[in-house]
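In what follows, a single structure is set out as structure tokens and then discussed.
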Amino acid sequence: MNTLIAPSILSVDFNNLQKSIDIVNHSEADWLHLDVMDGVFVPNLSFGFPIIESVAKTTQKPMDAHLMVIEPDKYINRLRDLGVSRMTVHYEACPHLHRTIQAIQKAGMKAGVSLNPHTPVALLEDVIDNLDLILIMSVNPGYGGQTFIEHSCPKIEALRSMIDTKKASALIQVDGGVNFETGRRLVDSGVNVLVAGSFVFSSTDPVDTINKLKLL
Ligand code: DX5
Ligand code: ZN
């Protein structure tokens, strides 16, 4: 399977959001990654429903929402109604993770679970068969443009072997500090989906950068 690419619009110029959506539309990107932050689960605010509603009008790529919020269950139906295809919640934010995953899938979306850098993949053992996506954070969530945490590669190798052993179908996604060099190593470690924000949108030719990431 080819590597899937999900550009994140977190670090784009929101005064010119349509330009960034057009870039993604004209590229070979597979999904559009939306980073929603509440200032409680992570020490930053990003954007919410008004921006997602606006993006939904012109994106030609499936919307992949990464909820860095407490109580994400509150937003399931609204995100579905806005056309979001995949909703990823944080393991650390969900005391009843199994119930949350079921609610996302019942609403008609694919369900993902994200792990912070300190959370071991072994904690997913009892729920992995129910997941469509596992998002490994390769930086501490909250900000774009951070340095890649090296431990992410062996962590992804361990997750890949857990998925293969259990014959589970969840895709592995990674988010934070992705560039050509870290991306290559992440794909070698077993990643299916690369999220990339600042590397794409600070490059001179973002469409070309997305298309090249896809070839890793
Ligand atoms: C971090 C977000 C990421 C972020 C990635 O909290 O979840 O999606 O935008 O940004 P880069 O690619 O700049 O590390
Ligand atoms: Zn993200």
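Residues in region 56-98 that are away from ligand 1 (no atom under 13 Å from the Cβ), under 16 Å from His33 (Cα atoms) and in contact with a helix residue (DSSP H, G or I) (Cβ under 8 Å, 6 or more places away or on another chain): Thr58, Thr59, Gln60, Lys61, Met63, Leu79, Leu82, Gly83, Val84, Met87.
Region 110-215 holds no strands (runs of 3 or more DSSP E) entirely within its bounds that carry 3 or more residues that are of a type in the set (S, T, N, Q). Which members of region 137-151 meet the condition of being away from ligand 2 (no atom under 11 Å from the Cβ) and open to solvent by less than 40 Å² (accessible area, probe 1.4 Å)? Once the filter is applied, which keeps residues that are away from ligand 2 (no atom under 11 Å from the Cβ) and open to solvent by less than 40 Å² (accessible area, probe 1.4 Å), region 137-151 yields only Phe148.
Among the residues examined, Ser46 does not qualify as modelled with pLDDT under 95, closer than 16 Å to Ala65 by Cα and within 12 Å of ligand 2 (Cβ to nearest atom). So in region 201-216, with the set limited to residues that are under 14 Å from Lys19 (Cα atoms) and in contact (Cβ under 8 Å) with a residue 24 or more places away in the chain, which one is least open to solvent (accessible area, probe 1.4 Å)? The qualifying residue least open to solvent (accessible area, probe 1.4 Å) is Pro206.
The values are calculated or read from the model by the stated rules, or taken from the named source; none is laboratory data. Not measured: the values here are computed from a predicted model. When we count neighbours, we look across all protein chains shown, and the Cβ atoms used for this are built from the backbone with ideal geometry, even at glycine. Side chains are part of the model used for accessible areas, which takes the heavy atoms of the whole protein and leaves out ligands, DNA and RNA. Shrake-Rupley method; radii C 1.70, N 1.55, O 1.52, S 1.80 Å.
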